[in-house]
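Asks: One structure, pasted below without further comment.
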Amino acid sequence: MTTHEALARYCIRLGDTSLILGQRLGEWCGHGPILEEDIALTNISLDLIGQTRAFYTVACEISNNGLDEDRLAFLRSEREFQNVLLAEQPNGDFAQTILRQLLISAFQKLNFEALLHSKHETVAALAHKSLKEVTYHLRHSADWTIRLGQGTEESARRMNEAVGELWMYVDDLFDMDEVDQLLIKEQVGVDAAGLRTAWDNLINGIMKEAGLSIPEKPFSIRGSRSGKHTEHLGHLLAEMQSLHRAIPGAEW
Amino acid sequence: MNNDNWPLWEVFTQKRTGLPFEHAGNVHAPDKEMALMNARDVYSRRNEATCIWVVPSDSIVSSTPEDMGSFFEPSNDKAYRHPNFYKTPGAIFE
């Protein structure tokens, strides 16, 4: 694998996680618990889809083989997506959506902070722009995590149930393969596994303030690096891609 | 959706540093931190502001339509209360 190929795949992965999480959050549109939160969740969704477009565009430019962002988003199958498994997990209730956002936003914040130092100028610039957005996503989800954890008996119970639903996908965030290894060597990509301690500290602090406990030795499901997904991604893609597959090149 | 239980906050946004804050609208929120976040999400998601104020709506004291006559009309027929009563030296416009 050349550095170029690795970088294209790396950018597609970053885009995949943002796209799938953005699509999930978009499902809240019109269903938010209150009007203001409905708008907040869809704002985050749009930030993420914007990031996706930027990273896909870079990947297409690097690949230079006729690939475009629509093909990447709408014409790839489940196994070709390499988003982290957490991103595709269903919205569940509001608590589960918030916890999923917290865990991913914390990772994205650390990842983009590290990516600021990438030797690839465009990637570093995208990290800079995305970092501002995910910093707000983290603030929003951390604030809600603490409120729900400290809130009523019901809100705390729902947060604890979300922990039980989602914590098994945390290890998957930090998995790496030969793409990552190559780009770490070239000082273009981030050592994701190396972010684990900082992530643990960040998340532990927030969970502690929320009065929520973290499973000590959670069962772990991983596989996003090789395109292995949970059963939820297929359904999400079917909905997201149906229009484009029915009417190729549709625009409005 | 139900936000009947959350108090209302008035939102003021400043377009650029130094410009006056303008009333943008209102949001529901249980406390000031969330009022600020909601205001950001509702009224500045397209880069409309550089700074936001949120104020509990019930802290705003407003004149009422009945006050209109006694509050505002007395100044209408007294031209000498307006600065255009004075002749401005032409040089000031140069």
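Asks: For chain B, find the longest principal axis of its Cα atoms and tell me its angle to the long axis of helix B:32-43, 0 to 90°, nearest 10.
Replies: It is inclined by approximately 70 degrees.
Asks: Another question about this same structure. Per residue, how large is the accessible surface of the protein assembly as shown? Use a 1.4 angstrom probe and give square angstrom.
Replies: Solvent-accessible surface per residue comes out at 54 Å².
Asks: Provide, for the range A:3-246, the number of lysine pairs with alpha carbons under 17 Å apart, each pair being eight or more places apart or on different chains. All intermediate terms of the calculation are to be shown ahead of the outcome.
Replies: Details: A:109/A:129; A:109/A:132; A:119/A:129; A:119/A:185.
Within the range A:3-246, the lysine pair count is 4.
Asks: For the protein assembly as shown, what is the calculated [θ] at 222 nm in deg cm²/dmol (nearest 500), taking -39500 (n - 2.57) for each run of four or more DSSP H residues and dividing by its residue count? Can you show the working numbers first?
Replies: Numbers: 13 runs with 188 residues, N = 346.
The helix contribution divided over the protein assembly as shown gives -17500 deg cm²/dmol.
Asks: Quick one: P(r) of chain A from all Cα-Cα pairs, 10 Å bins, percents rounded to integers, in order of increasing distance.
Replies: All Cα pairs considered, the percentages come to 7, 32, 38, 19, 4, 0.
Asks: What are the residues whose amide H is under 5 Å from the amide H of residue A:189, where those residues sit 5 or more places off or on another chain and H is modelled from the backbone?
Replies: Close amide H contacts, sequence-distant or interchain: A:184.
Asks: Which FRET efficiency value, to the nearest 0.05, do you get for residue A:232 and residue A:121 by plugging their Cβ-Cβ distance into 1/(1 + (r/R0)^6) with R0 = 45 Å?
Replies: Working: r = 36 Å, r/R0 = 0.80.
Taking R0 as 45 Å, the efficiency between residue A:232 and residue A:121 is 0.80.
Asks: Out of residues 5 or more away from residue B:24 or on other chains, whose amide H comes under 5 Å of its own, with H placed 1.01 Å from N in the peptide plane?
Replies: Counting only residues 5 or more places away or on other chains, the set is B:11, B:12, B:13.
Asks: Next question, about the same structure. For peptide A:30-39, compute the average count of partner chain beta-carbon atoms within 10 Å of each residue's beta-carbon.
Replies: Values: counts 1, 1, 1, 3, 10, 7, 13, 8, 3, 6.
Rounded to a whole number, the mean comes out at 5.
Asks: Taking the Cα atoms of the range A:61-185 alone, what are Rg (to one decimal) and Dmax (as a whole number) in Å?
Replies: According to the Cα coordinates of the range A:61-185, Rg and Dmax are 17.1, 55 Å.
Asks: Now for a different question. Ratio to report: Rg/Rh of chain B, with Cα atoms as the point set and Rh obtained by the Kirkwood method; give two decimals. Numbers along the way, then the final one.
Replies: Numbers: Rg = 19.9 Å, Rh = 16.7 Å.
In chain B, Rg relative to Rh is 1.19.
Asks: While we're looking at this one, here's another question. Net charge around residue A:102, counting only other residues with Cβ within less than 11 Å of its Cβ (Lys, Arg = +1; Asp, Glu = -1)?
Replies: On the way: positive: A:100, A:109, A:139; negative: A:143.
Every neighbour counted, the sum reads +2.
The values are calculated or read from the model by the stated rules, or taken from the named source; none is laboratory data. Owing to the predicted nature of the structure, the values given are computational and were not obtained by experimental measurement. Note: ideal-geometry Cβ built from the backbone for every residue, glycine included; neighbour counts use all protein chains shown. To get the accessible areas, we keep the full protein, side chains included, count just its heavy atoms, and leave off ligands, DNA and RNA. Shrake-Rupley method; radii C 1.70, N 1.55, O 1.52, S 1.80 Å.
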